[in-house]
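J.: Attaching a single structure in structure tokens format; questions to follow.
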Amino acid sequence: MVDSWFSYDHHGDFDNGLHIFLEPVTEEDDRLRHLAPDYFRQEPDA
């Protein structure tokens, strides 16, 4: 997760609510796959 914030600005570009900003995980930072490799499927190479 890169950032999260809660907005009360019901007239703005982002409505009321919790906004979560994500970024893809890199191979070297994929902690869950390293801990339980059999649990997560491998994505096919493009």
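J.: Report the local net charge at Phe21: Lys and Arg +1, Asp and Glu -1, summed over other residues whose C-beta lies under 15 Å from its C-beta.
T.: Surrounding charge for Phe21 is -3.
J.: Still on this structure, I have one more. So how much slack lies between Asp15 and Glu27, counting 0.36 nm per residue of separation and subtracting their Cα-Cα distance, in nm? Numbers along the way, then the final one.
T.: On the way: separation 12, 0.36 × 12 = 4.32 nm, distance 3.38 nm.
Working it through step by step, the gained length comes to 0.9 nm.
J.: I'd like the carbon and sulfur percentage of the solvent accessible area for the chain, probe radius 1.4 Å, heavy atoms only, ligands and nucleic acids excluded. Don't skip to the end; give the middle numbers.
T.: Numbers: 2560 of 4740 Å².
It is 54 percent, rounded to a whole number.
J.: Next up: What is the sum of charges around Met1, taking Lys and Arg as +1, Asp and Glu as -1, for the other residues whose C-beta is under 13 Å from the C-beta of Met1?
T.: So the surrounding residues net to -3.
J.: Moving on. Where does the chain land at 222 nm, in deg cm²/dmol rounded to the nearest 500, when only DSSP H runs of n ≥ 4 count, each adding -39500 (n - 2.57), divided by all residues? The partial results should precede the final answer.
T.: Numbers: 1 runs with 5 residues, N = 46.
It lands at -2000 deg cm²/dmol.
J.: Whole number in Å², please: accessible area per residue of the chain, 1.4 Å probe, ligands, DNA and RNA not counted.
T.: 103 Å²
J.: Using only alpha carbon pairs under 8 Å that are at least six residues apart, calculate the relative contact order of the chain and give it in whole percent.
T.: Across the chain, relative contact order equals 29 percent.
J.: Here are some values of Cα Rg over 2.2 N^0.38 Å: (i) 1.03; (ii) 2.11; (iii) 1.75. Which one was computed from this structure?
T.: Matching entry in (i) 1.03; (ii) 2.11; (iii) 1.75: (iii).
The values are calculated or read from the model by the stated rules, or taken from the named source; none is laboratory data. In this text the structure is predicted, and so the values were computed from the model without any measurement. Heads up, the Cβs are rebuilt from the backbone with ideal geometry, glycines too, and the neighbour counts pull from every protein chain shown. Surface accessibility is based on the protein's heavy atoms, side chains included, excluding ligands, DNA and RNA. Shrake-Rupley method; radii C 1.70, N 1.55, O 1.52, S 1.80 Å.
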